[in-house]
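Asker: Pasting a structure here, questions to come.
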Amino acid sequence: MSHRVIVPIGPYHPLQEEPEFFQLYVEGEKVVDIDIVIGYNHRGIEKLAEAKHFDQVAFLVERICGICSSSHPYAYVLAVEDILGGEARVVPERALYIRTIIDELQRLHSHLLWLGLAGHFIGYNTVWMWAWKYREPVLDCFEMVTGNRNSYAMFKVGGVRRDLEEEDIPMLKKAMDELLPAVDMFRGAVMDDPVIRSRLKNIGILTKEQAIDWCVVGPTARASGVNIDVRRDEPYGVFNRLSWNVILQKEGDVFAKTVARILELYESISIIRQCLDKIPNGEIDADIKDVPAGEGIGRVEAPRGECFHYVKTDGSNRPVRHKIRAPSFMNVASNKVGAVGGTISDAAITLAAVDPCYCCTERLAVIDKPTDKKVMNGWDLIRLSQEKTNQLKEELKDTLK
Amino acid sequence: MNIRDSIRERLGDKIKDWKETSSRRIYLSVDCADIREIVGFFFTELEMRFATASGVDTPRGLEILYHFSFDRTGEIYTLRVLLKDKKHPEIDSITPLFKGAEWIEREMWELLGINFKGHPNLKRLLLAEDWPEGEYPLRRQNEP
C-alpha cells in the first residue's frame, strides 16, 4: 500500500477574505481525495441583515467580499426592487448606466487581481507585477468616481448614491484606452506562450457534465462550455442595450479558465466605453420611502459568477429573511473533482483557478501523517509549482528557439 | 411547447399554488413528499440550474424555497415546501440527484435543524465544532 499523506491548505491568514480549508490526501505526487472545510469566516450576515433597515443592509452586504464588493449590494438592491416592480421600472436611466459602469470596473480589477496571482503561482512573477500595475489605474477610477478604492457604497434601493461628474467621463475613457494595450499584452503573454500553455493545459479539468452536476457559475462554468451569464440571461442595468459577447470555452481546464477571464477583460472595457458614450443626463435616485410586503430575488453576474440574493419583507422597514449565495459557494465545492487525480504541484493553481480568495494558499503546509512532522509549508508548494514551470521551460527550450 | 405548459402538464395537481410576482419570478407551492420527483424533473428533464435554497422560519412552520434558474429565458422557478412539524422537520434530500445541493442542505441542516433524509454527507459546514447540539441560529424561538 502506498503511503498516504494529508496536505492541509488553510484556513487562516490575516489577509484572507474567504478562509477555506482544503485537506488534500496525497499518495506520492498524486492527489487522491480532498476534503473541503469552510465556515471560518461565517459572520452571520444573513441574520444581521434582519436587524437593519433597507438602506443599512446595502452597506452590510458590501462587506461580505472586499473584491466583488459591488456585486452583493447590487444583487440586494435588485432583490428589493423586484418587490417594488423591477429595476427597469423603478430606477432612473442615468443610475442604470452608473450601476453598469461600476459593475464592469469591478470585473476589470477582480480579473486583473486573479491574473496576477495565477502568474505568481506558476512562477511568472512578471505577469504578477504587471497585472497588479495595470489594476492600479482601475482602482484610481473607482476612487475618482465613488470616493473609495474598495467598498464603494454606491448602491441604494432606487438608484445610486453618487453621481458621475462631468470630468469623470474623459478620465474613465482615457483609463480604458490605456488599459487596452495592457490586456493585449496579457493575451499574448498567456495564449501564445508555449510554456504557460503546456503548464495550464489539461490540469484541473471540470467537464461540462461535472459543471452542470455541481451547479457551478461564472467563468468556471463558461470555461467548461456551460453557456450562462446573468448579464445576458436576465439583463440588469443596461446590459441588454449594449453590444458585447459572452465568452465561452469548452476545455474546462485551468488554461480555459485563464483565457475566459482575459477575454472578458475586453468585453468589460467595451461595455464601459459604450456606457460612457450613451449615458444620459437626469436623476440618479428614485427616492424610495417604503418597501411593501413581499418577496424578491436579485442576481448579478459577479466576477466569479452568479451572486444570488433572496429578500422577504413584511411591510416594516427591515427584511424578514435575507438569503445570500455567493458564487464561490458553488465553485469551491467543485474543487472536489478539479484537484483530485492531479499532482500536488498542480494543486495550488487548480484550487486557485475557480478564483476563491488566494491568500488561503499561502497557508499551505504538508504534514507527514504518522509523525505529524511538518515537511513543507505554503511557500514550498508554490515553489513546487514554479519549479514545474521551469522544468517545462527547459524541456521546451529547443522548440522555443 | 413552452416551459410553463410542460410543468403544468407533467405536474398537474401536484402544484398546490402557482404565483408569479413578476414575469421572471415564478413561485410554486408543492408537497414535501413530492420534492425529489419534482426537483429531478426540473433538473434533468427541463435542464434547469439549481441556484440555491432558502430556509425560512415562519410562524406556520419551516419553509424551504428551492430556487431554480432557467437560463434560456432568465426566469427563476422557486419550489416552496412547508414543514409544519417544527420539532422534527425532515424532508428528502435532493443531493443524490446532483452534487450542487450538498453544501446548501448541510447549511440548512445546521442553521435551521432540518433533517435531509438520504443526504450522503450530513455534517457541519459553517458552524464551529463546539457549537451546542440542538441550537439553530436561524430559528426564531429565542427571539422576543
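Laboratory data are not the source of any read-out in this text; all were calculated from the coordinates shown. All of these numbers come straight from a predicted model, not from anything done at the bench. Heads up, the Cβs are rebuilt from the backbone with ideal geometry, glycines too, and the neighbour counts pull from every protein chain shown.
Asker: Looking only at region A:67-102, which residues have a backbone nitrogen under 19 Å from a spot 7 Å from the Cα of A:Glu283 in the C-beta direction?
Answerer: A:77-78, A:80-100
Asker: State, as an integer percentage, the relative contact order of chain B based on alpha-carbon contacts under 8 Å between residues 6 or more apart.
Answerer: Relative contact order of chain B: 18 percent.
Asker: Moving to a separate point now. Which lysines, if any, have their Cα less than 24 Å from the Cα of B:Lys19, not counting same-chain residues under 8 positions apart?
Answerer: Reachable lysines: A:Lys312, A:Lys323, B:Lys84.
Asker: Still on this structure: Classify region A:190-330 as rounded, prolate or oblate, taking a ≥ b ≥ c as the square roots of the eigenvalues of its Cα gyration tensor: rounded when a/c is under 1.5, otherwise prolate if a/b is larger than b/c and oblate if not.
Answerer: oblate
Asker: Would you work out which of A:Ser316, A:Asn227, A:Phe155 lies farthest towards the positive end of the dipole of region A:45-329, given +1 charges on the beta-carbon of Lys and Arg and -1 on that of Asp and Glu, about the Cα centre?
Answerer: So the residue furthest toward the plus end is A:Asn227.
Asker: For region A:266-338, rounded, prolate or oblate, judged on the Cα gyration tensor with a ≥ b ≥ c (square roots of eigenvalues), a/c < 1.5 rounded, else prolate if a/b > b/c?
Answerer: oblate
Asker: Turning to a different aspect of this structure: Based on other C-beta atoms within 10 Å, arrange A:Arg99, B:Arg139 from fewest to most.
Answerer: Ranking A:Arg99, B:Arg139 by Cβ neighbours within 10 Å, fewest first, gives B:Arg139, A:Arg99.
Asker: Given points 7 Å out from each Cα along the Cα-Cβ axis, report the A:Glu166 to A:Asp398 separation in nanometres with one decimal.
Answerer: The two pseudo-label positions are separated by 6.7 nm.
Asker: While we're here: For the cross-link pairs A:Lys52/B:Lys123; A:Lys133/A:Lys393; A:Lys156/B:Lys16; A:Lys156/A:Lys336; A:Lys336/A:Lys397, which exceed 28 Å when the distance is taken from alpha carbon to alpha carbon?
Answerer: Over 28 Å apart, Cα to Cα: A:Lys52/B:Lys123; A:Lys156/B:Lys16; A:Lys156/A:Lys336; A:Lys336/A:Lys397.
Asker: Around A:Gly159, which amide H atoms from residues at least 5 apart in sequence, or from another chain, sit under 5 Å from its own amide H, with H modelled in the peptide plane?
Answerer: When sequence neighbours closer than 5 places are left aside, the close amide H contacts are A:Ala286.
Asker: Using +1 at the Cβ of each Lys and Arg and -1 at the Cβ of each Asp and Glu in chain A, identify which of A:Ala348, A:Pro73, A:Trp114 lies farthest towards the dipole's positive end.
Answerer: So the residue furthest toward the plus end is A:Ala348.
Asker: Right, another one. Based on Cβ point charges of +1 for Lys and Arg and -1 for Asp and Glu, what charge dipole magnitude is obtained for chain A about its Cα centre, in debye rounded to the nearest 20?
Answerer: 620 debye
Asker: Give me the one-decimal nm value for the distance between modelled label points at B:Asn121 and A:Lys30, 7 Å along each residue's Cα-to-Cβ direction.
Answerer: Placing both labels 7 Å beyond Cα along the Cβ direction yields 2.0 nm.
Asker: Then there's this: Cα axis of helix B:102-112 to longest principal axis of chain B: angle in degrees, 0 to 90, nearest 10?
Answerer: Approximately 50 degrees, to the nearest 10.
Asker: Determine, from the Cβ-Cβ distance of A:Gln56 and A:Asp290 and an R0 of 22 Å, the FRET efficiency 1/(1 + (r/R0)^6), rounded to the nearest 0.05.
Answerer: Using R0 = 22 Å, I get an efficiency of 0.90.
Asker: What FRET efficiency, computed as 1/(1 + (r/R0)^6) with R0 = 51 Å and r the Cβ-Cβ distance, is obtained for B:Lys16 and B:Trp131, rounded to the nearest 0.05?
Answerer: Values: r = 35 Å, r/R0 = 0.69.
E between B:Lys16 and B:Trp131, to the nearest 0.05, is 0.90.
Asker: If you put +1 on each Lys and Arg Cβ and -1 on each Asp and Glu Cβ, how big is the dipole of region B:71-129 around its Cα centre, in Debye rounded to 20? Don't jump to the answer; show the numbers that get you there.
Answerer: Numbers: 10 positive and 10 negative charges, 33 e Å.
The calculated dipole for region B:71-129 is roughly 160 debye.
Asker: Follow-up. Rounded to whole Å, give me the distance from the Cα center of region A:194-266 to that of region A:139-172.
Answerer: Going from one Cα centre to the other spans 28 Å.
Asker: Per residue of chain B, what 222 nm ellipticity follows from adding -39500 (n - 2.57) for every DSSP H run with n ≥ 4, rounded to the nearest 500?
Answerer: Result for chain B: -5000 deg cm²/dmol, rounded to the nearest 500.
Asker: Any idea what the dipole of region B:3-92 comes to, in debye rounded to 20, about its Cα centre with Lys/Arg Cβ at +1 and Asp/Glu Cβ at -1?
Answerer: 280 debye
Asker: How large is ³J(HN,Hα) for each residue in region A:223-232, as worked out from phi by the Karplus curve 6.51 cos²θ - 1.76 cosθ + 1.60 (θ = phi - 60°), to whole Hz, x for Gly and Pro?
Answerer: 5, 9, x, 8, 8, 10, 6, 4, 4, 9
Asker: Between A:Arg63 and B:Arg60, with labels modelled 7 Å along Cα→Cβ, what's the label distance in nm to one decimal, could you check?
Answerer: 3.6 nm
Asker: Using the alpha carbon gyration tensor of region B:3-92, what are the three equivalent-ellipsoid semi-axes (square root of 5 times each eigenvalue), largest first, in whole Å?
Answerer: Calculated on Cα positions only, the semi-axes equal 22, 14, 12 Å.
Asker: If you don't mind, another one. How many times 2.2 N^0.38 Å is the alpha carbon radius of gyration of the protein assembly as shown?
Answerer: Its radius of gyration relative to the 2.2 N^0.38 Å reference: 0.97.
Asker: Nearest 10 degrees is fine. How inclined is helix A:125-146 to the longest principal axis of chain A, computing both from alpha carbons?
Answerer: With both axes taken from Cα atoms, the answer is about 10 degrees.
Asker: While we're on this one: Express as a percent, rounded to the nearest 5, the fraction of DSSP beta bridges in the protein assembly as shown (both residues included) that run antiparallel. Don't skip to the answer; put the middle values down first.
Answerer: Working: 62 of 70 bridges.
Of the beta bridges lying entirely in the protein assembly as shown, close to 90 percent run antiparallel.
Asker: Hey, what number do you get for chain A at 222 nm if only DSSP H runs of n ≥ 4 count, each worth -39500 (n - 2.57), divided across all residues, to the nearest 500?
Answerer: Per the formula, -15000 deg cm²/dmol.
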